[in-house]
Structure formats: structure tokens, C-alpha cells
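Peer 1: Input: one structure, supplied below.
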Ligand SMILES: [Ca+2]
Ligand SMILES: [Ca+2]
């Protein structure tokens, strides 16, 4: 900007007559005071335009985004809000109680602890009316923005004993929760629970609906009337018809499937064990997944910022959250 002004002043100072742009013919020798009032007005408008032009350009630029936010011990899940806040569940040490956290970050790298007590191994999270609902082993907890943690659904509230509660997703008044079963030993036995508005918990699907179901993990409610989920145990992608609970396998090859999020016609899936992130274009029939990121250490439950510009990837085994530009 400064350079542009210098160049323009220089150009004006070398002109004896400026007859175009409606400016009266004048002498202009390094003395702005001698410019006629019409010339002054034109200059003010011209520089004003430049300043206005520059600020508009600046406003439309993307905010500065960091590549990653370090120092979050075993992050599992991300929930990105339209106001720029991103909530992350931090497992801490696996199997150690009391060291779980909820951390708030933003793409510019800021980090703030929301809750650092009352959590064990927190995983999937969803924000509903300024409260964070997070799965934590065999319970679901509710966390207020000032860090108060209460049990929202206890282990005994589930109709089948949960083993490894994982993702949580909301659609209208219904909440879905995946239980990955015996994920740690690769023995499956997982299911998906449905929580109604009166907090009644029922089984949505398990292996009685499809023998292929082993360890349901990521959930997505983007498609009306359906719940989409991926399976950590076999890398399959499924969808459930929420009217008749019919399960249909719609994809495979996603390894130890974890994150599942839809944005702008694209479904993003992560493979935790092999450290990959896939993009699947759902607007084209029969399209194949494309690897958009690989070599990650435990790419877990991702989210896309509501402006569609960034994929937020908890990189669990690297103890960081990666901000991946989708441009
Ligand atoms: Ca822990
Ligand atoms: Ca997960």
C-alpha cells in the first residue's frame, strides 16, 4: 500500500498538467496545496478507493491458520463450530482415569482447556445448546463450557452393556452412539445405540441386523432418513435406513475406519491404523475414494469447519491436531 502511494505521488509530481479524470489543468511540483479543490476531491476519492480496496481484500482473506496444534495427549475427536471454536476430546493416557480433557482450539493455533477433571478416556463429542456431550468408555458425559462434568447416560442406562463407546452424532431430536465392542482385541461385537428425546436408550443395529457389523466407529447423520457409519474392525462403510433399520454396506477399504464427516458433496473418512484420510465424492455415482493425506500417526475422528475450508484431524499418536486446508 505504502509503495503504491509513493509511486502515485511520484507520477503526479512529474506532471505539469492533469487534464483527464475531470481534474483542472494545474501545476503540480511537490506541492499538494496547489491542487485545485476538484483535484483534491478526486485524489481523496482515489486514495479512499485504494484504502477501501485494500481492506476489502484483507477482509476476504482466510484467517491465518496453523498447520497443527501440538501438545494434546491422544486427541480423539473434533467438533468445529460456526463461530470458529473447535472442541477436542483429549484421552490422555489410555486406560487411565481422571486425566481426560476437553480442549478448545481454533485454526489460528489458540488453545484453552474447557474441562480437565471428571473425564477418563473421552472420545466422540457433539455440542448441543452450548453443552458438550462426550462418550467416555461406557458412559456419556455432559460438559458445560465452564468445565462442569456430569454423567448424562450411565453404563446401566444402556440396554446392552457397552464396552467401548466411540462416536456420537445428533439428528433432529435423536442422538446416535457407536459402541465399538471388543475393539482392542479385534473381536467386534459392537453396535449402535439410539437415544430418544426422553433419554431412553435402545439398540439401533448390531450383528443381528447385519453379520458384517463388527466395531462401528464414525457416525454421520448428513443424509435425511439414514445414519451412515464406518467400521474399525473391517474398514467397511454402511448406511442404516432409520425407518426399518435395514443395514446396507456401501463401501470398503477404509482400514481401521474412524472419522466420518460430510462436507460439500464429499465424504471424508480416516483410517486410524494406516494413518490415511480419504475423500469420496458422493455427487458422482460409483466414484472411488481418493487419498488426500497419508503417513499420519493415528488419524482419528475428524470434522470440517462450517465454512468448508479446513479439515480438522486429531492425530492421536502424534499428540496433535492437524488443520488441513481443503482449498
Ligand atoms: Ca485417560
Ligand atoms: Ca472415533
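Peer 1: For 152, 272, which order do you get if you count the other beta carbons within 10 Å of each Cβ and list the fewest first?
Peer 2: On the way: 152 18, 272 26.
Final ranking by Cβ density, sparse to dense: 152, 272.
Peer 1: Report D for region 163-269 in µm² per second (integer): Stokes-Einstein, Kirkwood Rh on Cα pairs, 10 °C, 1.306 mPa s.
Peer 2: Answer, rounded: 118 µm²/s.
Peer 1: Ok, one more. Distance from the Cα centre of region 261-294 to that of region 84-100, in angstrom?
Peer 2: Going from one Cα centre to the other spans 25 Å.
Peer 1: Got a sec? How would 157, 224, 231 order by Cβ neighbour count within 10 Å, fewest to most?
Peer 2: Final ranking by Cβ density, sparse to dense: 224, 157, 231.
Peer 1: Right, here's the next one. For region 170-221, just the Cα atoms, rotate onto the principal axes and tell me the three extents in Å, largest first.
Peer 2: 33, 19, 17
Peer 1: Bin width 10 Å, alpha-carbon pairs only: give the P(r) of region 125-221 as whole percents, running from 0 to the bin holding the largest distance.
Peer 2: 17, 51, 27, 5, 0
Peer 1: Take every Cα pair under 8 Å in region 68-325 that's 6+ residues apart, average their separations, divide by the length, and report that relative contact order as a whole percent.
Peer 2: Value for region 68-325: 15 percent.
Peer 1: Eigenvalues of the Cα gyration tensor times 5, then square-rooted: what semi-axes does that give for region 91-172, in whole angstrom, largest first?
Peer 2: So the equivalent ellipsoid measures 21, 15, 11 Å along its semi-axes.
Peer 1: Hey, another quick one. Find the Cα radius of gyration of region 224-313, compare it with 2.2 N^0.38 Å by division, and give the number to two decimals.
Peer 2: 1.05
Peer 1: Then there is this: Can you give me the relative contact order of region 173-327 as a percent, contacts being Cα pairs under 8 Å and 6 or more apart?
Peer 2: Across region 173-327, relative contact order equals 12 percent.
Peer 1: Report the normalised scattering of region 68-325 as log10 I(q)/I(0) at q = 0.11, 0.13, 0.14, 0.17 Å⁻¹, calculated by the Debye formula with identical scatterers on the alpha carbons.
Peer 2: Results for region 68-325 at q = 0.11, 0.13, 0.14, 0.17 Å⁻¹ read -0.51, -0.73, -0.87, -1.36.
Peer 1: Neighbour counts of other C-beta atoms within 10 Å: give me 116, 244 arranged from fewest to most.
Peer 2: With the sparsest Cβ surroundings first, the list reads 244, 116.
Each value in this text was obtained by applying a stated rule to the coordinates, not by laboratory testing. Here the structure is a predicted model, which means the values were calculated and not measured. With ideal geometry, Cβ positions are generated from the backbone for all residues, glycine too; neighbour counts draw on all protein chains shown.
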